[in-house]
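The values are calculated or read from the model by the stated rules, or taken from the named source; none is laboratory data. No experiment lies behind these values; they were computed from the predicted model shown. For neighbour counting, all protein chains shown are included, and Cβ atoms are generated from backbone atoms with ideal geometry for every residue, glycine included. When the accessible area is computed, the model is the full protein with side chains, heavy atoms only, and any ligands, DNA or RNA have been set aside. Shrake-Rupley method; radii C 1.70, N 1.55, O 1.52, S 1.80 Å.
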Amino acid sequence: MEQESFLESNLLQTIVMAVTVCVTAIIYWNKKRNELRAAATILKLQIQDIEVNIENLKAEAIVGNCLSEQPLYYSKVIFEENNWLKYNYMFADKLGASNFETIDKFFKIAQEIKTQQIFIKMKIQDSINAKCSFYYLQQYNRLNQTVSDIRENKEQLCMQDLQYTKALYNNPALSIGTYIHQELCNGLEKGLNKYQRISGNIAFQKLCKVGGIIS
């Protein structure tokens, strides 16, 4: 009877409820801690990747005051998705205003550089498409001329002209560079000049510390 009375008592119910609340709280905080660690890891890796991409761009894409077309065209896009915009709310009350602003500024400058980079890459791609269009137009026009050509060796002459045009278009000395307005170069250079590495600084270390990862 005493055992049954205890099992039905308010004390047992209170104990069970307290244990349930504690377990739920532990699960909740572990989940939040793991989410914070995952976000910090993603941000750390993206910051380091952005720094490599920007520094490569800075080293190869601008020579003097001119854009270097080929390295810029093949340069890796600074980043795909801005993970700071995705996760910054998780760190807003943990990093401190100064550290938060430092990381926020880093990503804003990276976005500015990325915007200019992609715009210039699109201009180069447009130029490549135009060159290909004119090349095919010239080649097909020459091919079509063969139909009305009355010379006996017209096919041989056509083949020679087609090969000559191909060699002409592939001659580096006769290559027509992409027209990129100087303002685009200035915009990219302005963004690159504002860039500063943050990995290893106080804000970066704080980000890693808050996320419970190694900086």
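List of remarks:
- Residue pairs whose Cβ atoms lie under 7 Å apart, sitting 6 or more positions apart in sequence or on different chains, and linking a residue in region 40-53 that is over 12 Å from Asn82 (Cα atoms) to a partner that is open to solvent by 10 Å² or more (accessible area, probe 1.4 Å) and part of a helix (DSSP H, G or I), are Ala40/Val210.
Okay, residues lined up against (1) outside any helix (DSSP H, G or I); (2) among the charged types (D, E, K, R); (3) closer than 25 Å to Ala59 by Cβ:
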{"position": "Ser75", "(1), (2), (3)": "yes, no, yes"}
{"position": "Phe79", "(1), (2), (3)": "yes, no, yes"}
{"position": "Ala92", "(1), (2), (3)": "yes, no, no"}
{"position": "Glu101", "(1), (2), (3)": "no, yes, no"}
{"position": "Ser133", "(1), (2), (3)": "no, no, no"}
{"position": "Gln138", "(1), (2), (3)": "no, no, no"}
{"position": "Glu152", "(1), (2), (3)": "yes, yes, no"}
{"position": "Leu157", "(1), (2), (3)": "no, no, no"}
{"position": "Gln163", "(1), (2), (3)": "no, no, no"}
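- Sole residue being touching a Phe, Trp or Tyr at 6+ places or on another chain (Cβ under 9 Å), of a type outside the set (A, V, I, L, M) and assigned to a helix (DSSP H, G or I), chosen from Gln116, Gln125: Gln125
- Residue that is under 19 Å from Tyr195 (Cβ atoms) and among the aromatic types (Phe, Trp, Tyr), where the choices are Phe91, Phe134, Phe107: Phe107
- Just one of the listed residues (Ile124, Ile113) is β-branched (Val, Ile, Thr), crowded, with 18+ Cβ neighbours inside 10 Å and within 15 Å of Lys190 (Cα to Cα), namely Ile113.
- If you go through region 198-215 and keep only what is touching a residue at least 24 places away in the same chain (Cβ under 8 Å) and not hydrophobic (A, V, I, L, M, F, W, C), you end up with Ser199, Asn201, Lys206, Gly211, Gly212, Ser215.
- Restricting region 67-96 to residues that are closer than 23 Å to Arg33 by Cβ and of a type in the set (Gly, Ala, Ser), the residue that is most open to solvent (accessible area, probe 1.4 Å) is Ala92.
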